[in-house]
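The values are calculated or read from the model by the stated rules, or taken from the named source; none is laboratory data. Just so it is clear, the model here is predicted, and its values are computed rather than measured. No Cβ is skipped: glycine too gets one built from the backbone with ideal geometry, and neighbour counts run over all protein chains shown. In case anyone asks, the SASA skips ligands and DNA or RNA and just uses the protein heavy atoms, side chains included. Shrake-Rupley method; radii C 1.70, N 1.55, O 1.52, S 1.80 Å.
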Amino acid sequence: MRRGYAARQGGAGVTKVLITGGRGFLGRNLAAHLAERKECELRIFDQNNSMQELRAWVTEADVIYHLAGVNRPSDAKEFETGNTHLTEEICRMIREAGRTPKIIFSSSIQAQLDNPYGASKARAEEALRSLGAGTGARVRIYRLKNLFGKWCRPNYNSVTATFCHNIANDLPISISDPTYTMQLSYVDDVIADFLSEIDHEHEGIEAGAGIRDFTISLGDLAGRIQAYHDLRETPTLPDFDRWFNRALYATYLSYVPQSARQHELAVRTDNRGSLAELIKQPNLGQVFISRTHPGITRGNHYHHTKTEKFFVIEGEGLIRMRSIEGGAVEEYRVTGSAYRVVDIPPGKTHAITNVGAGEMVTLFWASEIFDPNRPDTYFLPVDFEEVGSATHTKKP
């Protein structure tokens with residue numbers, strides 16, 4: 001078992017965990033991760049549960065993730081009820097039980113602002129700090145920023161969720177000020193910190209300072225999501241060099257409706273068979289797939305800088321290559337039954353032939369996207385004459 005908080009509570013190898021607000025956006029994501037841990041026994045409290053159930057679970061929990069709260073009520077008074085009073089009630093239950101669980105509280109950066117929501121979160125923080133000081137219960141307070149990720153409710157209190165949902169479903173979005181900037185945190189980054197609260201002890205009450213955040217304008221946020229949407233039915237992938245782009249793309253994709261999760265590839269067909277681009281990305285090159293008829297050869301060209309990988313996934317093939325300056329021909333026999341990749345270096349003319357009785361299916365990777373203005377692809381049969389300069393045998 002991980003070195004966790006259960007040892008301090010006298011646990012016998014199992015950490016009893018309670019999540020309040022466990023069916024909300026943050027709670028669902030946390031619960032999914034905790035369900036993967038065999039050493040955790042999980043209880044989830046939400047609006048459908050009774051206060052009697054909450055009391056029973058609070059009094060037996062080793063770790064409490066207090067995520068329940070109100071952030072967009074019809075009446076501002078509900079901030080006090082759903083945020084401050086519920087927290088105070090949980091503190092009272094803990095005191096009466098005479099236990100000292102670890103409590104992780106999801107507060108907000110708005111706790112430092114003078115508005116009803118922020119004030120209710122600040123008072124909830126005060127109740128927890130008082131509990132920790134008076135009982136020894138370990139309290140950790142996370143003042144979270146604007147969160148985004150899968151399962152966040154659109155058209156509610158998350159502009160990222162709204163943009164993702166509406167754009168994925170071809171619905172309009174509204175932006176009052178495209179230059180307005182906000183700080184975002186990805187839900188899985190927050191969950192990673194939350195899980196560390198079980199695995200390790202941390203100093204201090206204030207938590208979450210190490211969670212990465214991203215500053216972005218509303219116009220930029222909408223533009224990126226729209227770009228993902230426009231690219232989705234093409235082989236081109238977004239730039240995943242930055243973690244934010246990967247996280248935002250994953251979030252967008254979680255809102256794409258079932259009916260739009262598949263699309264046809266553009267297929268080019270000739271007497272050799274067929275070929276289709278599968279994936280391409282400026283920094284990663286491109287992946288394409290081909291079907292080749294028996295006896296047909298593809299290739300007989302070379303590159304100066306571009307490199308490739310050939311992988312036969314069905315059928316039988318013979319890959320042949322040779323230096324463009326001459327010399328011996330190298331041969332590689334490949335079949336779909338063997339997971340074998342052949343690297344194609346620059347300066348070697350190369351070809352692949354279907355030597356089997358049926359169709360050959362091949363997956364290709366190239367280190368750069370094909371550019372017709374700078375193709376770096378030059379025709380030269382592998383069996384060119386060794387006598388004389390290879391350049392004399394090239395065809396346009």
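Odds and ends about this structure:
- In the range 137-182, residue nearest to G210 (Cα to Cα) [restricted to those that are without any contact (Cβ under 8 Å) to a residue 60 or more places away in the chain and part of a strand (DSSP E or B)]: N146
- If you go through the range 286-337 and keep only what is of a type in the set (A, V, I, L, M) and either surrounded by 15 or more Cβ atoms within 10 Å (Cβ to Cβ) or in contact with a Phe, Trp or Tyr (Cβ under 6 Å, 6 or more places away or on another chain) (or both), you end up with V287, I289, I296, V312, L318, I319, M321, I324, V334.
- Qualifying positions in the range 47-72 - open to solvent by 30 Å² or more (accessible area, probe 1.4 Å) and part of a loop (DSSP other than H, G, I, E, B): Q47, N48, N49, S50, T59, E60, G69, V70, N71, R72
- P282 meets the stated requirement of being under 27 Å from the mean Cα position of the chain (by Cα) and open to solvent by 40 Å² or more (accessible area, probe 1.4 Å).
- Within this structure, K102 passes the test of being open to solvent by less than 20 Å² (accessible area, probe 1.4 Å), out of contact with any Gly (no Cβ under 8 Å at 6 or more places or on another chain) and of a type in the set (D, E, K, R).
Results for (1) assigned to a loop (DSSP other than H, G, I, E, B); (2) small (G, A, S); (3) on the phi < 0 side of the Ramachandran plot, shown as yes or no for each residue.
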{"position": "H304", "(1), (2), (3)": "yes, no, yes"}
{"position": "F311", "(1), (2), (3)": "no, no, yes"}
{"position": "I319", "(1), (2), (3)": "no, no, yes"}
{"position": "E325", "(1), (2), (3)": "yes, no, yes"}
{"position": "A328", "(1), (2), (3)": "yes, yes, yes"}
{"position": "G356", "(1), (2), (3)": "yes, yes, yes"}
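- Selection count, the range 102-134, where residues are within 32 Å of the chain's Cα centre (by Cα) and assigned to a loop (DSSP other than H, G, I, E, B): 1
- P238 being part of a loop (DSSP other than H, G, I, E, B), open to solvent by 20 Å² or more (accessible area, probe 1.4 Å) and not polar (S, T, N, Q): no
- Check on R92, open to solvent by 50 Å² or more (accessible area, probe 1.4 Å), assigned to a loop (DSSP other than H, G, I, E, B) and out of contact with any helix residue (DSSP H, G or I) (no Cβ under 6 Å at 6 or more places or on another chain): no
- Residue pairs meeting the criteria (Cβ under 7 Å; at least 6 apart or on separate chains; first in contact (Cβ under 8 Å) with a residue 24 or more places away in the chain and within 14 Å of V190 (Cβ to Cβ), in the range 24-46; second among the charged types (D, E, K, R) and open to solvent by less than 30 Å² (accessible area, probe 1.4 Å)): none
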